[in-house]
Amino acid sequence: MFNRRNIMFRAWELRNTVHNGRRWLYCNGVSRELTNGEIFSTCLRQAWAEVRRAAQIASIPAADRQAEIVSLKNEIAALSLKSFRYDIGQTERACRARIAELEAVAA
């Protein structure tokens, strides 16, 4: 079902781009050095999560995806009508990210 070879390539890509040179973890006031195995296992988990998320979105029927995209675009348009006292940036970014996810599967 899933192409494990591509997942492994994605994990190595994450390892070489995101975590290259970052070997320290700071948590709860304690810092410690991460081993290569810990870094790669984190990247592998993230690669699997990306694949599962893409499969979950692909399982949504095309008509429902299009309806959700239209709904999100309407929500973004309505955000401009809100008062200036509301911070719309986070909501707009979340809507745009969801639209990008839905459109990536359709392409």
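Read the figures in this text as sums done on the coordinates, not as results from a lab. Here the structure is a predicted model, which is why all the values come from computation and not from measurement. Don't worry about glycine lacking a Cβ; one is built from the backbone with ideal geometry, like all the others, and counts go over all protein chains shown.
Among 81-94, 33-46, 51-64, sorting by the average number of other beta carbon atoms lying within 10 angstrom of each residue, highest first, gives 33-46, 51-64, 81-94. Helices in the chain that qualify as membrane-span-like (whole DSSP H runs, Cα extent of at least 27 Å along the helix axis, mean Kyte-Doolittle hydropathy of -0.5 or higher) are 36-58. Across the options Met8, Ala62, Gly37, the greatest Cα extent toward the positive end of the charge dipole of the chain (unit charges at beta carbon of Lys, Arg, Asp, Glu) belongs to Gly37. For the pair Arg5 and Asp64, the difference between a 0.36 nm per residue extended length and the Cα-Cα distance amounts to 18.2 nm. Over the chain, DSSP H runs of length four or greater, each weighted -39,500 (n - 2.57), average out per residue to a 222 nm ellipticity of -23000 deg cm²/dmol.
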